[in-house]
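Undergrad: One structure follows; several queries about it will come next.
The values are calculated or read from the model by the stated rules, or taken from the named source; none is laboratory data. This one's a predicted model, so the numbers in the text were calculated from it and none came from an experiment. Ideal geometry is used to build each Cβ from the backbone, glycine not excepted, and the neighbour counts take in all protein chains shown. Protein only, heavy atoms only, side chains kept; ligands, DNA and RNA dropped before computing areas. Shrake-Rupley method; radii C 1.70, N 1.55, O 1.52, S 1.80 Å.
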Amino acid sequence: MKKKLVSLLLAAAMVVTLVGCGDNGSTTTQDSGSNAADTNSSSDSGATGNTDATESEAAGDDIVKPEKIKMMVDGTVFTQENGRDQFIAKLEELTGIKIEVIQPDHDAYYDVVGQQIASGEWPDVLILSSTYLSSYGSEGVLWDMASAWENSDLKKRQEANNGDGVVSSMYIDGHLYGMPATHGNGCVTYVKQKWLDDAGITSLPTNYAEYYDMLLKLKEAEGVDYVVAAAGFLGAEAPFVNYLPEFYQDAWPSFYQKADGTWADGFEEDSMKAAMERLAQAVSDGLLDPETNTYGTGDVRNKYYDDSLGVFTYWAGTWASNLKNNLENNGLDGELVALSPIKEAVPPLATGASYIDRVSPAWCITTACENPEGVFKYFIEAMQDGGDVQFLWTYGVEGVHWGTDAETLYADTDSPKVYAEGEFHMKDNLETPGSQYTKAHIDPMLALTALANDPRETTVKPEALAAQALFNENSVGAFVVPSTEAMNQFNGDLMTEKSALVTRVALGEITVDEAYAEYESQGYADMSKQIVDSLNAQ
(Lines give C-alpha, C1' and ligand atoms only; values in the text may rest on other atoms or scores of the structure.)
Protein backbone atom coordinates (compact mmCIF):
# COMPACT_ATOMS: atom_id res chain seq x y z
CA MET A 1 0.00 0.00 0.00
CA LYS A 2 2.86 2.38 0.79
CA LYS A 3 4.28 2.19 -2.75
CA LYS A 4 0.84 2.91 -4.16
CA LEU A 5 0.50 5.91 -1.87
CA VAL A 6 3.72 7.41 -3.13
CA SER A 7 2.67 6.87 -6.75
CA LEU A 8 -0.65 8.57 -6.08
CA LEU A 9 1.16 11.61 -4.76
CA LEU A 10 3.44 11.79 -7.78
CA ALA A 11 0.48 11.38 -10.14
CA ALA A 12 -1.68 14.07 -8.53
CA ALA A 13 -2.39 16.47 -11.37
CA MET A 14 -3.38 19.58 -9.48
CA VAL A 15 -2.54 20.59 -5.95
CA VAL A 16 -4.58 23.30 -4.24
CA THR A 17 -2.26 26.20 -3.38
CA LEU A 18 -1.74 26.71 0.34
CA VAL A 19 -3.07 29.89 1.85
CA GLY A 20 -0.74 32.28 3.60
CA CYS A 21 2.51 30.51 2.81
CA GLY A 22 4.96 31.00 5.63
CA ASP A 23 8.70 31.41 5.69
CA ASN A 24 10.70 28.29 5.11
CA GLY A 25 12.41 26.51 7.94
CA SER A 26 14.92 23.68 7.88
CA THR A 27 13.73 20.10 8.25
CA THR A 28 13.83 19.34 11.94
CA THR A 29 12.23 17.12 14.50
CA GLN A 30 11.92 18.57 17.95
CA ASP A 31 10.50 17.54 21.28
CA SER A 32 9.94 21.01 22.61
CA GLY A 33 9.48 19.82 26.13
CA SER A 34 13.21 19.27 26.53
CA ASN A 35 14.74 22.35 24.90
CA ALA A 36 12.15 24.98 24.08
CA ALA A 37 12.51 28.41 25.57
CA ASP A 38 9.56 29.20 27.81
CA THR A 39 8.97 32.79 26.76
CA ASN A 40 6.21 34.80 28.45
CA SER A 41 4.59 31.61 29.66
CA SER A 42 2.62 33.48 32.28
CA SER A 43 1.51 36.38 30.09
CA ASP A 44 -2.11 37.11 29.27
CA SER A 45 -2.71 36.55 25.58
CA GLY A 46 -5.46 39.13 25.47
CA ALA A 47 -8.24 36.59 24.96
CA THR A 48 -10.62 35.33 27.57
CA GLY A 49 -11.57 31.88 28.71
CA ASN A 50 -8.55 29.57 28.68
CA THR A 51 -9.78 26.24 27.34
CA ASP A 52 -7.27 24.02 29.09
CA ALA A 53 -8.34 20.41 28.73
CA THR A 54 -8.63 19.91 32.47
CA GLU A 55 -11.85 21.93 32.50
CA SER A 56 -13.55 19.47 30.17
CA GLU A 57 -12.20 16.50 32.10
CA ALA A 58 -13.48 17.97 35.33
CA ALA A 59 -16.88 18.21 33.72
CA GLY A 60 -16.98 14.44 33.36
CA ASP A 61 -15.78 14.10 29.77
CA ASP A 62 -14.68 10.50 29.11
CA ILE A 63 -12.37 11.40 26.21
CA VAL A 64 -8.79 11.07 27.44
CA LYS A 65 -6.41 13.94 26.80
CA PRO A 66 -3.23 12.73 25.04
CA GLU A 67 0.05 13.25 26.86
CA LYS A 68 2.05 13.84 23.68
CA ILE A 69 1.30 14.56 20.02
CA LYS A 70 3.62 14.31 17.04
CA MET A 71 2.63 16.86 14.41
CA MET A 72 3.97 17.41 10.89
CA VAL A 73 3.56 20.95 9.56
CA ASP A 74 4.64 23.19 6.71
CA GLY A 75 5.76 26.82 6.73
CA THR A 76 2.29 28.13 7.55
CA VAL A 77 3.19 27.35 11.17
CA PHE A 78 6.02 29.41 12.67
CA THR A 79 9.40 28.03 11.62
CA GLN A 80 12.42 27.66 13.87
CA GLU A 81 13.74 31.01 12.64
CA ASN A 82 10.44 32.69 13.43
CA GLY A 83 10.07 31.71 17.07
CA ARG A 84 8.72 28.19 16.81
CA ASP A 85 10.26 27.13 20.12
CA GLN A 86 8.44 29.89 21.98
CA PHE A 87 5.22 29.16 20.09
CA ILE A 88 5.30 25.45 20.92
CA ALA A 89 6.20 26.13 24.54
CA LYS A 90 3.14 28.38 24.88
CA LEU A 91 0.95 25.84 23.11
CA GLU A 92 2.11 23.14 25.52
CA GLU A 93 1.34 25.40 28.45
CA LEU A 94 -2.18 26.12 27.25
CA THR A 95 -3.10 22.57 26.25
CA GLY A 96 -1.10 20.54 28.75
CA ILE A 97 0.18 18.35 25.89
CA LYS A 98 3.78 17.75 24.85
CA ILE A 99 4.23 18.60 21.16
CA GLU A 100 6.83 16.98 18.92
CA VAL A 101 7.32 18.88 15.67
CA ILE A 102 8.36 17.66 12.23
CA GLN A 103 8.71 20.66 9.91
CA PRO A 104 10.36 20.21 6.49
CA ASP A 105 11.22 23.11 4.23
CA HIS A 106 7.95 24.59 3.03
CA ASP A 107 8.66 24.00 -0.68
CA ALA A 108 9.63 20.36 -0.06
CA TYR A 109 6.80 19.63 2.34
CA TYR A 110 4.78 17.17 0.25
CA ASP A 111 7.86 15.28 -0.89
CA VAL A 112 8.78 14.73 2.74
CA VAL A 113 5.19 13.83 3.64
CA GLY A 114 5.29 11.10 1.00
CA GLN A 115 8.56 9.78 2.35
CA GLN A 116 7.25 9.86 5.91
CA ILE A 117 4.11 7.95 5.02
CA ALA A 118 6.03 5.42 2.93
CA SER A 119 8.45 4.81 5.81
CA GLY A 120 5.62 3.81 8.14
CA GLU A 121 6.61 6.52 10.64
CA TRP A 122 3.34 8.39 10.58
CA PRO A 123 2.75 11.49 12.71
CA ASP A 124 -0.41 11.83 14.79
CA VAL A 125 -1.51 14.96 12.96
CA LEU A 126 -0.39 16.72 9.79
CA ILE A 127 -1.45 19.47 7.42
CA LEU A 128 -2.66 18.39 3.96
CA SER A 129 -4.05 20.17 0.90
CA SER A 130 -7.20 18.87 -0.74
CA THR A 131 -5.48 16.72 -3.36
CA TYR A 132 -3.62 14.73 -0.75
CA LEU A 133 -6.61 14.76 1.57
CA SER A 134 -8.58 12.80 -1.00
CA SER A 135 -5.87 10.31 -1.98
CA TYR A 136 -4.64 9.60 1.55
CA GLY A 137 -8.19 9.35 2.86
CA SER A 138 -9.13 6.74 0.27
CA GLU A 139 -6.01 4.73 1.13
CA GLY A 140 -6.79 4.49 4.84
CA VAL A 141 -4.04 6.80 6.08
CA LEU A 142 -6.45 9.34 7.60
CA TRP A 143 -8.91 8.99 10.44
CA ASP A 144 -12.53 9.90 9.66
CA MET A 145 -13.39 12.75 12.04
CA ALA A 146 -16.97 13.23 10.81
CA SER A 147 -18.62 11.89 13.96
CA ALA A 148 -16.25 13.79 16.23
CA TRP A 149 -16.98 17.07 14.45
CA GLU A 150 -20.74 16.55 14.20
CA ASN A 151 -20.94 16.06 17.96
CA SER A 152 -18.44 18.73 18.96
CA ASP A 153 -18.68 22.17 20.47
CA LEU A 154 -16.49 23.29 17.56
CA LYS A 155 -19.32 22.74 15.12
CA LYS A 156 -21.57 24.89 17.28
CA ARG A 157 -18.96 27.65 17.41
CA GLN A 158 -18.52 27.55 13.64
CA GLU A 159 -22.28 27.62 13.08
CA ALA A 160 -22.53 30.71 15.27
CA ASN A 161 -19.88 32.37 13.10
CA ASN A 162 -21.28 31.15 9.74
CA GLY A 163 -18.15 29.07 9.23
CA ASP A 164 -19.55 25.54 9.32
CA GLY A 165 -20.24 25.51 5.58
CA VAL A 166 -16.51 25.37 4.90
CA VAL A 167 -16.21 22.08 6.76
CA SER A 168 -19.39 20.69 5.23
CA SER A 169 -17.96 21.20 1.73
CA MET A 170 -14.91 19.07 2.62
CA TYR A 171 -16.81 15.82 3.04
CA ILE A 172 -15.67 13.08 0.64
CA ASP A 173 -18.31 10.38 0.13
CA GLY A 174 -19.60 11.03 3.64
CA HIS A 175 -16.14 11.04 5.23
CA LEU A 176 -14.38 13.98 6.83
CA TYR A 177 -10.62 13.45 6.76
CA GLY A 178 -9.45 16.90 7.80
CA MET A 179 -10.42 20.03 9.70
CA PRO A 180 -9.66 23.45 8.18
CA ALA A 181 -8.61 26.22 10.54
CA THR A 182 -9.77 28.99 8.18
CA HIS A 183 -11.66 29.80 5.04
CA GLY A 184 -9.60 28.92 1.97
CA ASN A 185 -10.25 32.45 0.71
CA GLY A 186 -11.13 33.50 -2.79
CA CYS A 187 -11.48 36.41 -5.16
CA VAL A 188 -13.78 39.40 -5.44
CA THR A 189 -14.08 41.81 -8.33
CA TYR A 190 -12.48 45.22 -7.72
CA VAL A 191 -13.50 48.24 -9.83
CA LYS A 192 -11.66 51.56 -9.75
CA GLN A 193 -13.91 54.26 -8.32
CA LYS A 194 -12.35 56.93 -10.54
CA TRP A 195 -13.24 54.95 -13.65
CA LEU A 196 -16.81 54.61 -12.41
CA ASP A 197 -16.94 58.37 -11.79
CA ASP A 198 -15.49 59.14 -15.23
CA ALA A 199 -18.16 56.94 -16.83
CA GLY A 200 -20.95 58.47 -14.78
CA ILE A 201 -21.82 55.13 -13.20
CA THR A 202 -23.54 55.64 -9.86
CA SER A 203 -25.06 52.19 -9.26
CA LEU A 204 -23.12 48.95 -9.18
CA PRO A 205 -24.09 46.01 -11.41
CA THR A 206 -26.26 43.28 -9.92
CA ASN A 207 -26.59 41.01 -12.98
CA TYR A 208 -24.60 40.11 -16.08
CA ALA A 209 -26.35 42.57 -18.39
CA GLU A 210 -25.53 45.42 -16.01
CA TYR A 211 -21.97 44.15 -15.56
CA TYR A 212 -21.38 44.00 -19.31
CA ASP A 213 -22.90 47.45 -19.75
CA MET A 214 -20.51 48.75 -17.07
CA LEU A 215 -17.53 47.34 -19.00
CA LEU A 216 -18.69 49.02 -22.21
CA LYS A 217 -19.11 52.38 -20.48
CA LEU A 218 -15.73 52.14 -18.75
CA LYS A 219 -14.00 51.38 -22.05
CA GLU A 220 -15.64 54.33 -23.77
CA ALA A 221 -14.96 56.77 -20.93
CA GLU A 222 -11.29 55.86 -20.48
CA GLY A 223 -10.41 55.19 -24.13
CA VAL A 224 -8.46 52.05 -23.21
CA ASP A 225 -7.81 48.96 -25.31
CA TYR A 226 -9.36 46.62 -22.73
CA VAL A 227 -11.09 46.87 -19.37
CA VAL A 228 -10.55 43.49 -17.73
CA ALA A 229 -7.97 40.68 -17.89
CA ALA A 230 -7.05 37.57 -15.93
CA ALA A 231 -4.30 35.02 -15.45
CA GLY A 232 -5.65 32.61 -18.05
CA PHE A 233 -9.11 32.09 -19.48
CA LEU A 234 -9.38 29.03 -17.25
CA GLY A 235 -7.47 28.58 -14.01
CA ALA A 236 -4.89 25.81 -13.76
CA GLU A 237 -6.22 24.51 -10.45
CA ALA A 238 -9.44 24.46 -8.47
CA PRO A 239 -11.55 26.52 -8.30
CA PHE A 240 -10.62 27.16 -11.97
CA VAL A 241 -13.13 30.00 -12.62
CA ASN A 242 -12.36 32.36 -9.75
CA TYR A 243 -10.57 35.02 -11.85
CA LEU A 244 -13.48 35.50 -14.29
CA PRO A 245 -16.60 34.72 -12.23
CA GLU A 246 -18.97 37.04 -14.09
CA PHE A 247 -18.34 35.20 -17.35
CA TYR A 248 -18.49 31.67 -15.95
CA GLN A 249 -21.49 32.21 -13.64
CA ASP A 250 -23.02 28.74 -13.05
CA ALA A 251 -20.54 26.91 -15.28
CA TRP A 252 -18.03 24.44 -13.84
CA PRO A 253 -15.27 22.94 -16.01
CA SER A 254 -14.58 19.84 -14.00
CA PHE A 255 -16.35 17.17 -11.93
CA TYR A 256 -19.02 17.89 -9.34
CA GLN A 257 -21.69 16.05 -7.42
CA LYS A 258 -25.31 16.80 -8.24
CA ALA A 259 -28.09 17.19 -5.72
CA ASP A 260 -29.16 13.58 -6.31
CA GLY A 261 -25.69 12.36 -5.30
CA THR A 262 -24.46 11.39 -8.76
CA TRP A 263 -21.28 12.80 -10.28
CA ALA A 264 -21.06 14.67 -13.58
CA ASP A 265 -18.54 16.56 -15.68
CA GLY A 266 -19.65 20.18 -15.81
CA PHE A 267 -17.54 20.80 -18.90
CA GLU A 268 -20.03 18.80 -20.96
CA GLU A 269 -23.07 20.80 -19.85
CA ASP A 270 -24.78 23.70 -21.61
CA SER A 271 -23.75 26.12 -18.86
CA MET A 272 -20.10 25.67 -19.83
CA LYS A 273 -20.83 26.22 -23.49
CA ALA A 274 -22.64 29.45 -22.64
CA ALA A 275 -19.67 30.61 -20.55
CA MET A 276 -17.32 30.06 -23.49
CA GLU A 277 -19.63 32.13 -25.70
CA ARG A 278 -19.55 34.98 -23.15
CA LEU A 279 -15.75 34.92 -23.04
CA ALA A 280 -15.54 35.02 -26.84
CA GLN A 281 -17.99 37.93 -27.05
CA ALA A 282 -16.07 39.96 -24.46
CA VAL A 283 -12.81 39.44 -26.35
CA SER A 284 -14.47 40.32 -29.65
CA ASP A 285 -15.91 43.52 -28.17
CA GLY A 286 -12.52 44.64 -26.88
CA LEU A 287 -13.48 44.34 -23.22
CA LEU A 288 -11.50 41.25 -22.19
CA ASP A 289 -7.81 41.35 -23.06
CA PRO A 290 -6.94 38.45 -25.43
CA GLU A 291 -3.46 38.30 -23.85
CA THR A 292 -5.25 36.75 -20.87
CA ASN A 293 -4.11 33.56 -22.55
CA THR A 294 -0.46 34.29 -21.63
CA TYR A 295 -0.74 36.45 -18.52
CA GLY A 296 0.30 35.47 -15.04
CA THR A 297 -1.23 37.18 -12.03
CA GLY A 298 1.74 39.56 -11.82
CA ASP A 299 1.17 40.69 -15.41
CA VAL A 300 -2.45 41.55 -14.70
CA ARG A 301 -1.57 43.35 -11.47
CA ASN A 302 0.96 45.50 -13.33
CA LYS A 303 -1.61 46.45 -15.98
CA TYR A 304 -3.99 47.39 -13.18
CA TYR A 305 -1.29 49.50 -11.52
CA ASP A 306 -0.41 51.39 -14.73
CA ASP A 307 -4.12 52.14 -15.33
CA SER A 308 -4.47 49.96 -18.44
CA LEU A 309 -7.30 48.05 -16.74
CA GLY A 310 -10.17 49.18 -14.55
CA VAL A 311 -11.65 45.86 -13.42
CA PHE A 312 -9.68 43.11 -11.70
CA THR A 313 -10.93 40.01 -9.90
CA TYR A 314 -8.39 39.11 -7.24
CA TRP A 315 -8.01 37.87 -3.69
CA ALA A 316 -10.14 39.32 -0.92
CA GLY A 317 -8.69 40.64 2.30
CA THR A 318 -5.08 41.84 2.40
CA TRP A 319 -4.92 42.24 -1.37
CA ALA A 320 -7.49 45.02 -1.19
CA SER A 321 -4.86 47.02 0.69
CA ASN A 322 -2.04 45.90 -1.58
CA LEU A 323 -3.91 46.99 -4.71
CA LYS A 324 -4.79 50.35 -3.15
CA ASN A 325 -1.23 51.01 -1.98
CA ASN A 326 0.36 50.13 -5.30
CA LEU A 327 -2.05 52.32 -7.25
CA GLU A 328 -1.28 55.24 -4.97
CA ASN A 329 2.46 54.56 -5.24
CA ASN A 330 2.00 54.99 -9.01
CA GLY A 331 0.32 58.35 -8.48
CA LEU A 332 -3.18 57.01 -9.18
CA ASP A 333 -6.39 57.11 -7.18
CA GLY A 334 -6.43 54.05 -4.95
CA GLU A 335 -10.14 53.95 -4.09
CA LEU A 336 -11.63 50.62 -5.14
CA VAL A 337 -15.13 49.18 -5.02
CA ALA A 338 -15.54 45.46 -4.34
CA LEU A 339 -18.58 44.11 -6.18
CA SER A 340 -21.02 41.62 -4.74
CA PRO A 341 -21.38 38.53 -6.98
CA ILE A 342 -23.83 39.06 -9.83
CA LYS A 343 -27.19 37.30 -9.74
CA GLU A 344 -26.26 34.64 -12.30
CA ALA A 345 -23.06 33.57 -10.51
CA VAL A 346 -24.33 30.42 -8.77
CA PRO A 347 -21.54 27.79 -8.77
CA PRO A 348 -22.03 24.14 -7.66
CA LEU A 349 -23.24 23.75 -4.05
CA ALA A 350 -24.42 27.36 -3.97
CA THR A 351 -28.07 28.29 -3.45
CA GLY A 352 -27.62 31.89 -4.55
CA ALA A 353 -25.13 34.34 -6.03
CA SER A 354 -21.70 33.44 -4.67
CA TYR A 355 -18.00 33.74 -5.08
CA ILE A 356 -16.05 30.52 -4.54
CA ASP A 357 -14.12 29.89 -1.34
CA ARG A 358 -11.27 27.58 -2.35
CA VAL A 359 -10.66 24.44 -0.31
CA SER A 360 -8.51 25.23 2.67
CA PRO A 361 -5.60 23.05 3.78
CA ALA A 362 -6.76 20.85 6.63
CA TRP A 363 -5.46 19.42 9.87
CA CYS A 364 -5.67 15.64 9.63
CA ILE A 365 -5.29 12.80 12.12
CA THR A 366 -3.67 9.61 10.87
CA THR A 367 -4.98 6.15 11.57
CA ALA A 368 -1.69 5.41 13.34
CA CYS A 369 -2.73 7.80 16.12
CA GLU A 370 -3.56 5.80 19.25
CA ASN A 371 -6.06 8.30 20.60
CA PRO A 372 -7.68 10.16 17.65
CA GLU A 373 -10.69 11.27 19.67
CA GLY A 374 -8.42 12.87 22.25
CA VAL A 375 -6.27 14.55 19.61
CA PHE A 376 -9.38 15.94 17.93
CA LYS A 377 -10.85 17.32 21.14
CA TYR A 378 -7.78 18.66 22.89
CA PHE A 379 -5.66 19.72 19.92
CA ILE A 380 -7.69 20.32 16.75
CA GLU A 381 -10.86 21.55 18.44
CA ALA A 382 -8.86 23.68 20.87
CA MET A 383 -7.20 25.43 17.92
CA GLN A 384 -10.55 27.15 17.30
CA ASP A 385 -11.67 27.53 20.91
CA GLY A 386 -12.44 31.25 20.59
CA GLY A 387 -10.07 31.90 23.49
CA ASP A 388 -6.43 31.66 24.46
CA VAL A 389 -5.43 28.76 22.20
CA GLN A 390 -7.04 30.29 19.13
CA PHE A 391 -5.43 33.63 20.01
CA LEU A 392 -2.04 31.91 20.03
CA TRP A 393 -2.65 30.23 16.66
CA THR A 394 -3.82 33.59 15.28
CA TYR A 395 -1.24 36.06 16.57
CA GLY A 396 1.56 34.05 18.13
CA VAL A 397 3.43 34.68 21.38
CA GLU A 398 3.43 37.94 23.31
CA GLY A 399 6.83 39.56 23.29
CA VAL A 400 7.91 37.52 20.27
CA HIS A 401 5.28 38.00 17.59
CA TRP A 402 3.13 40.72 19.12
CA GLY A 403 3.14 43.13 22.02
CA THR A 404 1.41 45.99 23.81
CA ASP A 405 4.52 47.74 25.04
CA ALA A 406 5.42 51.27 23.99
CA GLU A 407 7.96 51.12 21.17
CA THR A 408 8.94 52.53 17.81
CA LEU A 409 9.58 50.11 14.99
CA TYR A 410 11.74 51.11 12.02
CA ALA A 411 12.84 54.34 13.72
CA ASP A 412 15.70 54.81 11.27
CA THR A 413 13.51 54.56 8.17
CA ASP A 414 11.22 56.95 6.32
CA SER A 415 8.20 55.12 7.75
CA PRO A 416 8.64 54.63 11.50
CA LYS A 417 5.78 53.01 13.39
CA VAL A 418 5.15 54.39 16.85
CA TYR A 419 3.07 52.46 19.38
CA ALA A 420 1.86 53.72 22.73
CA GLU A 421 1.83 51.70 25.92
CA GLY A 422 -1.09 49.26 25.82
CA GLU A 423 -1.51 49.46 22.03
CA PHE A 424 -1.64 46.02 20.43
CA HIS A 425 0.73 45.63 17.50
CA MET A 426 2.63 42.95 15.63
CA LYS A 427 6.38 42.74 16.16
CA ASP A 428 9.20 42.95 13.64
CA ASN A 429 9.75 39.70 11.77
CA LEU A 430 12.59 37.69 13.32
CA GLU A 431 13.70 36.10 10.07
CA THR A 432 13.14 39.07 7.75
CA PRO A 433 13.69 42.25 9.79
CA GLY A 434 12.01 45.30 8.35
CA SER A 435 8.57 43.73 7.99
CA GLN A 436 6.01 43.14 10.69
CA TYR A 437 4.26 39.87 11.34
CA THR A 438 0.65 39.87 10.18
CA LYS A 439 -0.57 36.61 11.72
CA ALA A 440 0.44 33.22 13.03
CA HIS A 441 -1.24 30.20 11.39
CA ILE A 442 -4.82 31.47 11.40
CA ASP A 443 -5.53 34.58 9.35
CA PRO A 444 -7.85 36.64 11.59
CA MET A 445 -9.91 37.66 8.56
CA LEU A 446 -10.47 34.03 7.54
CA ALA A 447 -11.24 32.47 10.93
CA LEU A 448 -14.17 30.05 11.12
CA THR A 449 -14.92 30.76 14.78
CA ALA A 450 -15.17 34.09 16.57
CA LEU A 451 -12.20 35.10 18.73
CA ALA A 452 -12.80 36.88 22.01
CA ASN A 453 -11.07 40.27 22.30
CA ASP A 454 -9.78 40.00 18.74
CA PRO A 455 -7.50 42.99 17.99
CA ARG A 456 -7.84 42.64 14.22
CA GLU A 457 -9.74 45.91 13.90
CA THR A 458 -6.55 47.73 14.91
CA THR A 459 -4.10 45.56 12.96
CA VAL A 460 -5.88 45.15 9.61
CA LYS A 461 -6.61 47.99 7.18
CA PRO A 462 -10.32 48.94 6.81
CA GLU A 463 -10.40 48.21 3.07
CA ALA A 464 -9.01 44.73 3.67
CA LEU A 465 -11.57 44.02 6.37
CA ALA A 466 -14.39 45.28 4.14
CA ALA A 467 -13.34 43.21 1.13
CA GLN A 468 -12.90 40.10 3.24
CA ALA A 469 -16.26 40.59 4.96
CA LEU A 470 -17.97 40.95 1.59
CA PHE A 471 -16.34 37.75 0.39
CA ASN A 472 -17.06 35.76 3.55
CA GLU A 473 -20.72 36.78 3.44
CA ASN A 474 -21.12 36.03 -0.27
CA SER A 475 -19.15 32.86 -0.90
CA VAL A 476 -19.71 29.13 -1.00
CA GLY A 477 -17.09 26.56 -0.15
CA ALA A 478 -15.43 24.65 -2.96
CA PHE A 479 -15.51 20.88 -2.68
CA VAL A 480 -13.10 17.96 -2.72
CA VAL A 481 -13.42 15.41 -5.52
CA PRO A 482 -12.66 11.83 -4.42
CA SER A 483 -9.54 10.15 -5.71
CA THR A 484 -10.00 7.24 -8.16
CA GLU A 485 -7.61 5.39 -10.45
CA ALA A 486 -9.34 6.85 -13.50
CA MET A 487 -9.06 10.34 -12.02
CA ASN A 488 -5.33 9.92 -11.42
CA GLN A 489 -4.80 8.47 -14.88
CA PHE A 490 -6.79 10.87 -17.04
CA ASN A 491 -7.64 14.13 -15.31
CA GLY A 492 -4.33 15.92 -15.87
CA ASP A 493 -4.49 15.50 -19.66
CA LEU A 494 -8.23 16.15 -19.64
CA MET A 495 -7.92 19.51 -17.85
CA THR A 496 -5.09 20.54 -20.18
CA GLU A 497 -7.33 19.91 -23.21
CA LYS A 498 -10.31 21.65 -21.62
CA SER A 499 -8.21 24.74 -20.96
CA ALA A 500 -6.88 24.74 -24.51
CA LEU A 501 -10.38 24.51 -25.97
CA VAL A 502 -11.73 27.30 -23.76
CA THR A 503 -8.82 29.51 -24.82
CA ARG A 504 -9.26 28.83 -28.54
CA VAL A 505 -12.97 29.59 -28.36
CA ALA A 506 -12.33 32.79 -26.39
CA LEU A 507 -9.80 33.95 -28.99
CA GLY A 508 -12.22 33.23 -31.84
CA GLU A 509 -10.03 30.51 -33.36
CA ILE A 510 -12.81 27.90 -33.25
CA THR A 511 -16.50 27.88 -32.42
CA VAL A 512 -18.03 26.19 -29.41
CA ASP A 513 -19.45 23.45 -31.63
CA GLU A 514 -16.05 22.84 -33.20
CA ALA A 515 -14.44 22.68 -29.76
CA TYR A 516 -16.79 19.96 -28.57
CA ALA A 517 -16.49 18.02 -31.80
CA GLU A 518 -12.72 17.92 -31.27
CA TYR A 519 -13.21 17.01 -27.61
CA GLU A 520 -15.27 14.01 -28.71
CA SER A 521 -13.14 12.87 -31.64
CA GLN A 522 -9.85 13.02 -29.73
CA GLY A 523 -11.14 10.68 -27.00
CA TYR A 524 -11.47 13.21 -24.20
CA ALA A 525 -15.19 12.59 -23.78
CA ASP A 526 -14.35 8.93 -23.16
CA MET A 527 -11.76 9.90 -20.53
CA SER A 528 -14.39 12.02 -18.83
CA LYS A 529 -16.89 9.17 -18.88
CA GLN A 530 -14.42 6.80 -17.28
CA ILE A 531 -13.79 9.29 -14.48
CA VAL A 532 -17.52 9.91 -13.95
CA ASP A 533 -18.20 6.16 -13.89
CA SER A 534 -15.42 5.62 -11.35
CA LEU A 535 -16.79 8.37 -9.10
CA ASN A 536 -20.32 7.00 -9.27
CA ALA A 537 -19.10 3.46 -8.59
CA GLN A 538 -17.65 4.39 -5.20
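Undergrad: Filter segment 89-142 for residues that are assigned to a loop (DSSP other than H, G, I, E, B) and either over 29 Å from PHE391 (Cβ atoms) or of a type in the set (Phe, Trp, Tyr) (or both); which is least open to solvent (accessible area, probe 1.4 Å)?
TA: For segment 89-142, the residue satisfying everything is VAL141.
The rows are residues; the columns are (1) touching a residue at least 40 places away in the same chain (Cβ under 8 Å); (2) surrounded by fewer than 22 Cβ atoms within 10 Å (Cβ to Cβ); (3) part of a helix (DSSP H, G or I); (4) charged (D, E, K, R).
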residue	(1), (2), (3), (4)
ILE356	yes, no, no, no
SER360	yes, no, no, no
ILE365	yes, no, no, no
ALA368	yes, yes, no, no
LYS377	yes, no, yes, yes
GLN390	yes, no, yes, no
THR394	yes, no, yes, no
VAL400	yes, yes, no, no
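Undergrad: Still on this model: Look at segment 405-455 and say how many of its residues are within 19 Å of VAL77 (Cβ to Cβ) and touching a Phe, Trp or Tyr at 6+ places or on another chain (Cβ under 8 Å).
TA: Of the residues in that region, 10 qualify.
Undergrad: How many residues does segment 252-264 contain that are in contact (Cβ under 8 Å) with a residue 60 or more places away in the chain and part of a loop (DSSP other than H, G, I, E, B)?
TA: Result for segment 252-264: 4.
Undergrad: Need pairs with beta-carbon distance below 9 Å; first residue touching a residue at least 24 places away in the same chain (Cβ under 8 Å) and within 18 Å of CYS369 (Cα to Cα) and within segment 100-116, second of a type in the set (Gly, Ala, Ser) and in a helix (DSSP H, G or I); sequence gap 6+ or separate chains.
TA: Taking only residues 6 or more apart or on different chains, the pairs are GLU100/SER32; GLU100/GLY33; VAL101/SER32.
Undergrad: Could you list all residues from segment 265-305 that are of a type outside the set (Phe, Trp, Tyr), part of a helix (DSSP H, G or I), touching a Pro at 6+ places or on another chain (Cβ under 9 Å) and within 23 Å of ASN491 (Cβ to Cβ)?
TA: Hits for segment 265-305 are GLY266, MET272, ALA275.
Undergrad: Additional query: Search segment 178-224 for residues being in contact with a Lys or Arg (Cβ under 8 Å, 6 or more places away or on another chain) and farther than 25 Å from LEU279 by Cα, and hand back the single one that is surrounded by the most Cβ atoms within 10 Å (Cβ to Cβ).
TA: It comes out as GLY184.
Undergrad: Right, here's the next one. Give LEU309, LEU332 a once-over and let me know the one that is open to solvent by 20 Å² or more (accessible area, probe 1.4 Å) and part of a loop (DSSP other than H, G, I, E, B).
TA: Criteria check complete, one pass: LEU332.
Undergrad: Now a separate question. Could you please let me know if GLY386 is part of a loop (DSSP other than H, G, I, E, B) and either crowded, with 20+ Cβ neighbours inside 10 Å or modelled with pLDDT of 95 or more (or both)?
TA: yes
Undergrad: May I ask you to list the residues in segment 405-450 that are among the β-branched types (Val, Ile, Thr), open to solvent by less than 30 Å² (accessible area, probe 1.4 Å) and touching a strand residue (DSSP E or B) at 6+ places or on another chain (Cβ under 8 Å)?
TA: If the condition is that a residue be among the β-branched types (Val, Ile, Thr), open to solvent by less than 30 Å² (accessible area, probe 1.4 Å) and touching a strand residue (DSSP E or B) at 6+ places or on another chain (Cβ under 8 Å), then ILE442 is the only one that fits.
Undergrad: Could you list, in sequence order, the residues of segment 205-220 that are among the aliphatic types (A, V, I, L, M) and farther than 11 Å from LEU287 by Cα?
TA: ALA209
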